[in-house]
Amino acid sequence: MARMHVAWRLLVPFLAAEVNSFSSRPSLSSSKAISYSMGSSSFTNFPTSLAMSTTTDSWETLQSAASNTPVGSSLDEESASRTAGTGAAFVQNKLRLFGADEKPKLTLYRDHAGWCPYCQKTMLLIEEKRIPINIELVPMRSYGDKPESFLRIVPSGLLPALLVETSDGRKQVVTESQVIMELLDSWHPVEDGFKQMMPSEEDSASMQRYRQLSNLERELFSWWCTLIFRPEGPSFGSPGMLGKLMGKSSEPAMSGAMSGFLECLEKVDNALASTKGPWFFDWAEHPTMIDFIYVSHVERMLASAAFWKGLDLRSDKYQQQFPALNAWLDAFEKRECYLAFKSDYYTHVKDIPPQYGPGYDGGFEDERISFQKNISGKDGKSWTLPLSFDDDVQPLYRGPPLPLCALKAAGISGDNGELASEGTSYEKAEPEQMAEACRQMAGWKIASNGSAVAKFAARGGPEGSRNPRKGFGAELADPYAMSDEKLIPSVETALKSVCVALLAQGGPSAHDAALNEMKDNLQTQISKDQARDVASSLAYLRDRIGVPRDLPLASARQLRAHLNAAIDVLH
Ligand SMILES: N[C@@H](CCC(=O)N[C@@H](CS)C(=O)NCC(=O)O)C(=O)O
């Protein structure tokens, strides 16, 4: 059991940061921090000496520096609330109280990384209904071994599972996400003050629509599998042929799988268009059960269709073709509890194949090549400094790009003029202020668990990644791989330099200065004979940053881009 515990911590290098960050941290001595005011929010400026001393500063010092940034200090507070079960929605929360004063009798077992779509939809229901619950985080098969304690309860190992403690103390297990969701809903009725999630039994027309929409979701899922996970098959003749038959001369070539998928999406779009609001039913002003049943898979469809087929369903063209579907996604993306579980396209293209099999390249070739480069950070822009404000493929500011507590601490208002509110976009935010907040969140995360992250990254060295146990399916996990031990101190030095650059405060000029110092430090402190291996270690880390497991996308792209800046210097 003790061995299991150690392995379990190694599985989740960034997750472990959450555990560390709950402990109280020493605050930075006043001689190091100079506070000054800028606009409505208070900034703490670190003298550049902090940036110049990356090898001498301990992770504790960097942790204190991170905690003294506005964003870092808000995240420390939020971490404490999360442990107490009172924070905002978060992918690694283990307790949700929602005002309850006793320990919940329900326990949900769900995947710890936020990769399982069935766990995601269940969590969305729990958050929306505010159901008090304990959460046990379990790795998926592709991520590592499941704890025996879980397998004793659920021998199939399938997630999610719900453990229910009945009033006479017996325990029962429920599996199958839709069953779990419907039971959770029925046990938390409107009469007790919970939100309504299903049509009422008396409303037979709505019940029938619910069942039809559930079947349509399975139909869409099946078209998605046909399109992405099988060789695509021939297109309908030369480009334009199908279009000409349909009277549209400029339609590009499409396979049967692609047109079947799009036709099914059109049915979904029509269903959404038939209600007044953005959701599938308009008797509620919030998303309901059927919205959750769809959204976690639609999210994976968006990522995989862009990456393997060059089909961007969020582009202007498809906004026009599927306006209701896009409005529905917009409405979801403005909600903090949806964003807490939403992955970026990169994470999905890495977490989908271990679950469903490999995706097949096909579809619209030019777009596909360009999206693949963007999504995997190989277009020289999406993971490269200086970063543009927004991303070309995945708009970052349709809703709050960071946890609301972090936006509030950074003094960032939404486009509705309110400080750190949900339900609004952040497209008009001041780019430099936003970038600094996103960097601070990434710096805070690295500083929270620097030694373990450096050890993890050192698997990328020449003596690393030897997996003494067995290979697991997920590239983003690689759980039992070994570090290249002799490289760890240098990787740690390099990572501290990156962390200091991320934590720089005082606007673009302070950040530019910090980047220059990072470059100087890397050149002087990493020996020439280790530079290439340290660069591979940073690249190993960069390629394993998952959203939302490690950071929100707006912050993850900053970390990826800063690691790339360091890698460039080391090369
Ligand atoms: N029909 C089930 C499907 C559950 C399922 O397939 N879960 C997958 C994850 S997405 C699983 O637990 N697989 C085992 C594993 O990867 O560990 C449900 O709706 O709950």
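Observations, loosely collected:
- Counting only cysteine Cβ atoms and a cutoff under 4.7 Å, the chain contains unmatched residues Cys225, Cys264, Cys337, Cys405, Cys438, Cys499.
- For the chain, the Kirkwood estimate of hydrodynamic radius, built from reciprocal distances between every pair of different alpha carbons, is 24.9 Å.
- Of Lys121/Lys195; Lys317/Lys381; Lys445/Lys496; Lys146/Lys171; Lys121/Lys171, pairs whose Cα-Cα distance is over 18 Å: Lys317/Lys381; Lys146/Lys171; Lys121/Lys171
- Label point of Glu463 set 7 angstrom out along Cα-Cβ; within the range 517-553, no amide nitrogen lies under 11 Å from it.
- Take the Cα of Glu148, step 7 Å toward its Cβ, do the same at Glu182, and the gap between the two points is 3.7 nm.
- With neighbour counts taken as other beta-carbon atoms within 10 Å, the residues Asp185, Asp379 rank, fewest first, as Asp379, Asp185.
- Spin-label model, Asn215 to Tyr356: label points 7 Å out along the Cα-to-beta-carbon direction sit 2.3 nm apart.
- Distance between the C-alpha centres of the range 131-170 and the range 475-554: 35 Å, rounded to the whole angstrom.
- Look at the dipole of the chain built from charges on Cβ: of Leu159, Ile290, Ala504, the Cα furthest out on the positive end belongs to Leu159.
- Sequence of Val491, Val295, Val498 once ranked by neighbouring C-beta atoms within 10 Å, starting from the fewest: Val295, Val498, Val491
- Length gained when the stretch Phe98-Cys225 is fully extended (0.36 nm per residue, less Cα-Cα span): 42.0 nm
- Acute angle (nearest 10 degrees) that the helix 323-333 long axis makes with the longest principal axis of the chain, alpha-carbon atoms: 40
- Nonlocal amide H pairs with Leu95, under 5 Å, H built at 1.01 Å: Ile135
- With respect to the chain, whose longest principal axis is taken over its alpha-carbon atoms, helix 177-187 is tilted by about 80°.
- Isotropically averaged projected area of the range 408-528, using the convex hull of Cα atoms (one quarter of hull area), nm²: 10.0
- Summed residue charge, Cβ within 12 Å of Ala510's Cβ, Lys/Arg positive, Asp/Glu negative: -3
- Footprinting exposure proxy ranking of Cys119, Cys225, Cys264, fewest other C-beta atoms within 10 angstrom first, gives Cys225, Cys264, Cys119.
- Interatomic Cα distance distribution for the range 353-457, bins of 10 angstrom, percent: 13, 31, 31, 22, 3
- Of all beta bridges that DSSP places with both ends in the chain, some 80 percent have antiparallel geometry.
- A Förster radius of 51 Å, combined with the Cβ-Cβ distance separating His286 from Asp529, puts the computed FRET efficiency at roughly 0.30.
- Three-way shape call for the range 340-403 based on the alpha-carbon gyration tensor, with the a/c threshold at 1.5: oblate
- The aspartates and glutamates whose alpha-carbon is closer than 16 Å to the alpha-carbon of Lys129, local same-chain residues fewer than 8 away aside, are Glu182, Asp185, Glu191, Asp192, Glu285, Asp291, Glu336.
- For the chain, the longest principal axis of the alpha carbon atoms and the long axis of helix 345-356 meet at an angle near 60°.
- Gyration tensor (alpha-carbon) shape descriptor, the range 260-350, a/c threshold 1.5: oblate
- Length-normalised contact order of the chain in % [C-alpha pairs under 8 Å, at least 6 apart]: 17
- Here the Karplus relation 6.51 cos²θ - 1.76 cosθ + 1.60, evaluated at θ = phi - 60°, turns the backbone of the range 451-458 into coupling constants of 4, 5, 5, 5, 5, 4, 4, 5 Hz, with x for every Gly and Pro.
- Nearest-0.05 FRET efficiency for Asp168 and Gln320, computed from C-beta distance (R0 45 Å): 0.20
- With 10 Å bins beginning at zero, the pair-distance distribution over Cα atoms of the range 103-191 amounts to 16, 53, 27, 4, 0 %.
- Peptides 457-463, 151-157, 67-73 ordered by packing proxy, namely the average of other Cβ atoms within 10 Å per residue, highest first: 67-73, 457-463, 151-157.
- Note on Glu60 and Lys276: the model spin-label points, each 7 Å out from Cα along the C-beta direction, lie 6.1 nm apart.
- Ranked by the mean number of other Cβ atoms within 10 Å of their residues, highest first, the peptides 414-425, 191-202, 105-116, 308-319 fall in the order 105-116, 308-319, 414-425, 191-202.
- Fraction of antiparallel bridges per DSSP, the range 103-191 only, in percent to nearest 5: 65
Read the figures in this text as sums done on the coordinates, not as results from a lab. Just so it is clear, the model here is predicted, and its values are computed rather than measured. Cβ sites come from the backbone with ideal geometry, for glycine too, and all protein chains shown count toward neighbours.
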